[in-house]
Amino acid sequence: MSIIIILYFTNIYAGCNDFQPEITLTDLLAKRKSLHLALRAQKLQNEQLKSRLNRSAALANIGTISAMIAHEINNILTPMGTYAELAANNPQDSELTRKALGKVVIGCRRAGDILDSMLKMASGQTQPKQPCNIAETLELVMDCLARDFSKDSITVKFEVPLDLTVSAVPVQLQQLFMNIILNAREAMLGSGGRLVVKAWRDTANVIIEFADTGCGIKPENIDRIFEPFFTTKSVGDGHSRNGTGLGLAFCKEVAAAHGGSITVNSQYGFGTTFCITLPAQPQ
């Protein structure tokens, strides 16, 4: 009986397709070494890919910052050219020439300040902030634009308290306001309109609101307007120049660097309102 049982189970194991021979310790060590080498190769490959990605990101950042600098400098060069042309066309008017050339000198200094400020912002350097009066900053921006908005059938109204201040890098605050105002102007070119700038203090913050009656922003674009290089401006759409998609991206960077934010509300065909919130200067 015992012999029959042994033979029976021997036949079962012999006919089992899943039966595997016993794995030796040598086999296990060889497999472990193979896996270790594969993991090391995979880790090395991941590190190489990460290094390439970091270099690509650095190059992309350099490109973006370079484009932003060009965009902001262009905002200054345009009115400087207008003032220089005014002086060149009126050489007999010494007073007008003196004032125009004075504006050009101021523009040159501002261009240098903008370049220095943006390079520091790109490298992560801390820039000194100082009390900036909102009303005075807006007045300086309008003066630098060298364009009478009424010639484009655009009225501008300021409702800004004279004592409202924030802690900011002056040149960055000026460029922040300038980009919003230029966008509002371009949105109203050809049809005219109205820009109303309001500012007030709310607890620890200062809110500056820019509301225009321009063409507005399409609903499908509203969530993308702060993306670098995204633009809705093109030749033939009523804008004076092609958009780079960097003005609002710069505005967002500046607002965030000052501990604030920028939001937008728009109704296509009826106008757009940008709202900038910045920490107020302690009283």
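The values are calculated or read from the model by the stated rules, or taken from the named source; none is laboratory data. This is a predicted model, so every value here is computed, not measured. Every residue, glycine among them, receives a Cβ derived from its backbone with ideal geometry; neighbour counts consider all protein chains shown.
Just a few scattered comments:
- Looking across ALA187, ALA211, one residue alone is surrounded by 14 or more Cβ atoms within 10 Å (Cβ to Cβ), assigned to a strand (DSSP E or B) and either at pLDDT below 90 or small (Gly, Ala, Ser) (or both). It is ALA211.
- Residue among LEU101, LEU138, LEU96 that alone is closer than 26 Å to ALA280 by Cα and modelled with pLDDT of 85 or more: LEU138
- Taking the criterion of being at pLDDT 95 or above and β-branched (Val, Ile, Thr), the residues of segment 241-283 that qualify are ILE262, THR263, VAL264, THR272, THR273, ILE276, THR277.
- Residues in segment 134-166 that are crowded, with 18+ Cβ neighbours inside 10 Å and polar (S, T, N, Q): THR137, THR165.
- If you check ASP202, ASP223 for being closer than 20 Å to HIS258 by Cα, surrounded by fewer than 20 Cβ atoms within 10 Å (Cβ to Cβ), modelled with pLDDT of 85 or more and out of contact with any Leu (no Cβ under 6 Å at 6 or more places or on another chain), only one passes: ASP202.
- When GLY63 is tested against (1) at pLDDT 60 or above; (2) within 16 Å of GLU227 (Cα to Cα); (3) not β-branched (Val, Ile, Thr), exactly one condition is not met: (1).
- Given (1) modelled with pLDDT of 90 or more; (2) buried (at least 20 other Cβ atoms within 10 Å of the Cβ); (3) within 21 Å of the chain's Cα centre (by Cα), index of the condition MET178 fails: (1)
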